[in-house]
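Please find one structure pasted underneath; my questions will follow.
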Amino acid sequence: MNSFDIELVSVSKSFAGLPVIQDLNLEIPRGEFVSILGPSGCGKTTTLNMIAGFNTPSLGDIRIRGRSQTRVPPERRNLGLVFQNYALFPHMTVADNVGFGLRMRSTPKAEIEPAVQAALRSVRLDGLGGRYPKALSGGQQQRVALARAIAPRPTVLLLDEPLSNLDLKLREAMRIELKEIHEQLGMTFVYVTHDQEEAMAMSDRIVVMWQGAIAQQGKPDSIYRSPATRFVADFIGRSNVLSVSKSAREAPFLHLTLEGSPIVLRSACVGGAQTIRSCCIRPECIVLLEETQADIVGQNQFDGVVRRIVNLGAHIELLVEIADGLRLTVLIRSGRSSFPPEPGSTVTLGVDPHDVQLLAD
Amino acid sequence: MNGVLSCLFWLAIGVVLAFITLPLAVVVAASLSPSSTVTFLPWDWTLEWFGALLSDRWLQPFLLSFRIATVVAAISGVLGILAAYAIVYEKIPGSALIMAGLLSPLSVPQIVKGVAIVLFLSIIGLQGILGTPALIAAHVVLALPFVTRMAATSLTNFDGNLDRAAQSLGATKRQRLQHIVLPMIKPGVLSGVTFAFIISFNNIPLSVFLVRPGDTTLPIAVINYLEYSLDPVMAAVNVASMIFILTVIFLFEKIGGFSTQLHGGSK
């Protein structure tokens, strides 16, 4: 047997003839925290619903622990589900909500009570079992929903944008807590979200979806460092995506001529043989060079005019025009720069060739 | 400007409330009248007319109405839930058409319906069921749109994620209906059933065609009595049935009283 909890094998799904998911292949190893990340309409919720069994794939197969789930109804898949709107049963107390899954499986009464207490303790809600959901805050309700889903010890926990209804501060606190709960339970988590920060903060692995297909998957930092496509570069974090008109290899660098300008960028990335049409540079990878700074061998350098300055507190964001119509967003630490640039002033930018990433489209 | 508007608002509310309550107050006053002509003086009143209600003349029609209304409420409650379940929850084909059909009795005048039912029963040779069985059937037809509508509204507002949550927790369809769907739509169904009870208990236009002589429902007995006399007994009957209806509403409200838990629950 393999160690995958969930496998999607060539799964396609169309609604009323419109393809929503196209030939999706995904393997989720046991115990991993996997985020399915994408903008609304990318098919991530449909994918989750197919795993949960509420939607049936038009083509392909879904396996849970190696077993095909095609004929298994949602109530027999032993999955936990957490919804964005909590979906707590309003006519039951918190304890009855959490114990619901166990009661439905005819667990002996003597075992339900300790299991409910344990689940409530793991979400830090001990002592609130007697309350009704409406007496709790949004954050508490979401914890109850989490406790309810994990109490029957499901194979996999599916979470559908569970933090989207919470305010920012609470959301950030819950990220850490969710991660801790994941580590403590050792259960496989599949987390659907459109919030890339959330996915970056918690996941062992991120699956970026776009237009019903996987755009890229990998560890959060490898996706951030080397996005594969324009879409991923744009969607995950911020980046300067630049169109390339011509590329030529001159070892050890790849020389990229930017479209509509004479600027040539050196990239240390080993690209494929095919023609390169675009590349990207993260705003924080661009440095402001002082005149006295010596040329670093191989570093890209170009002059530009500062067009706009946005103070973000810890950082300062500059918009620098390096050629006609070609503007780069630059992120520098505030307080560090000894020469605070003025709008309209000329600056010299430096980019390490390793930070010029090649994109596939 | 706002002051004027607010004055008009409260004035309008006052007039409407007065219009609703004053006639009732008159009936209550009349039922306490010491003389057999209807008068009322605050320092001079009696409860003796209510004593007259304990005679068979009023008790028999009351018990008949009560029995019919209870059966009608029960039958239309069950049928209404089933109809709403099929139409809203299962979304069977043609559900909009079925809903329209179930609501159609609302658009036919009751007198017309009464005549139609009598003619229909005699044509198919079932005039033998006139009386209680026909009354129950006719009242169910009349009450069903209300119960179905209420149950359907509750089911429409029912958050499908609750059902999915229960399903993911291992609940079979039967378990979900029992533990989630029915408790959630209970308040709506109960208010529909209350309507059904009241509609049946108060009905005149249909019942007048369907009662058997000598075995009448309370409203028909009142109509019959009214033809000969207008006295405080009349008023006492009406006050008593008003109190009875209010009690019924109160009791149903109590049974469905957990509705307060639902408001602001899973939002």
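So in the stretch B:158-170, with the set limited to residues that are touching a helix residue (DSSP H, G or I) at 6+ places or on another chain (Cβ under 8 Å) and not aliphatic (A, V, I, L, M), which one is farthest from the other protein chains (Cβ to nearest Cβ)?
Result: B:Phe158.
Taking the stretch B:197-246, which residues are assigned to a loop (DSSP other than H, G, I, E, B) and not small (Gly, Ala, Ser)?
B:Asn203, B:Ile204, B:Pro205, B:Leu206, B:Val211, B:Pro213, B:Thr216, B:Thr217, B:Leu230, B:Asp231
From the set of residues in the stretch B:1-42 that are small (Gly, Ala, Ser) and outside any helix (DSSP H, G or I), which is nearest to the chain's Cα centre (by Cα)?
B:Ser33
Now for a separate question. Going through the stretch B:198-253 one residue at a time, which ones are over 27 Å from B:Leu144 (Cα atoms) and among the hydroxyl-bearing types (Ser, Thr, Tyr)?
Selection gives B:Tyr225, B:Tyr228, B:Ser229.
Which helices (runs of 4 or more DSSP H) sit wholly inside the stretch A:146-251 and have at least 3 residues that are in the same structural domain as A:Gln22 (by TED's automatic domain parsing), touching a helix residue (DSSP H, G or I) at 6+ places or on another chain (Cβ under 8 Å) and at pLDDT 90 or above?
A:168-185, A:196-202, A:220-225
Moving on. Out of (1) within 14 Å of another protein chain (Cβ to nearest Cβ); (2) buried (at least 18 other Cβ atoms within 10 Å of the Cβ); (3) closer than 28 Å to A:Phe4 by Cα; (4) among the hydrophobic types (A, V, I, L, M, F, W, C), what's the single condition that is false for A:Val72?
Among (1) within 14 Å of another protein chain (Cβ to nearest Cβ); (2) buried (at least 18 other Cβ atoms within 10 Å of the Cβ); (3) closer than 28 Å to A:Phe4 by Cα; (4) among the hydrophobic types (A, V, I, L, M, F, W, C), the lone unmet condition for A:Val72 is (2).
Out of everything in the stretch B:157-174 that is of a type in the set (A, V, I, L, M) and not in a helix (DSSP H, G or I), what residue ends up being surrounded by the most Cβ atoms within 10 Å (Cβ to Cβ)?
This residue is B:Leu169.
Now for a separate question. Can you give me the number of residues within the stretch B:8-50 that are at pLDDT 85 or above and loosely packed, with under 13 Cβ neighbours inside 10 Å?
18
Can you tell me which residue within the stretch A:85-135, out of those that are among the basic types (Lys, Arg) and outside any helix (DSSP H, G or I), is farthest from the other protein chains (Cβ to nearest Cβ)?
A:Arg124
Sticking with this structure for a sec: Quickly run through the stretch A:58-89 and pick out the residues that are without any contact (Cβ under 8 Å) to a residue 60 or more places away in the chain and among the aromatic types (Phe, Trp, Tyr).
Correct list: A:Phe89 only.
Something else now. Is it true that B:Gly125 is surrounded by 14 or more Cβ atoms within 10 Å (Cβ to Cβ), of a type outside the set (Lys, Arg) and on the phi > 0 side of the Ramachandran plot?
So B:Gly125 fails the test.
Looking at A:Leu163, is it loosely packed, with under 14 Cβ neighbours inside 10 Å and either within 25 Å of the chain's Cα centre (by Cα) or facing chain B (nearest Cβ under 10 Å) (or both)?
no
The values are calculated or read from the model by the stated rules, or taken from the named source; none is laboratory data. Given the structure is predicted, the values throughout are model-derived calculations rather than measurements. Methodologically, a virtual Cβ is constructed for each residue, glycine included, from the backbone with ideal geometry; neighbour enumeration extends over all protein chains shown.
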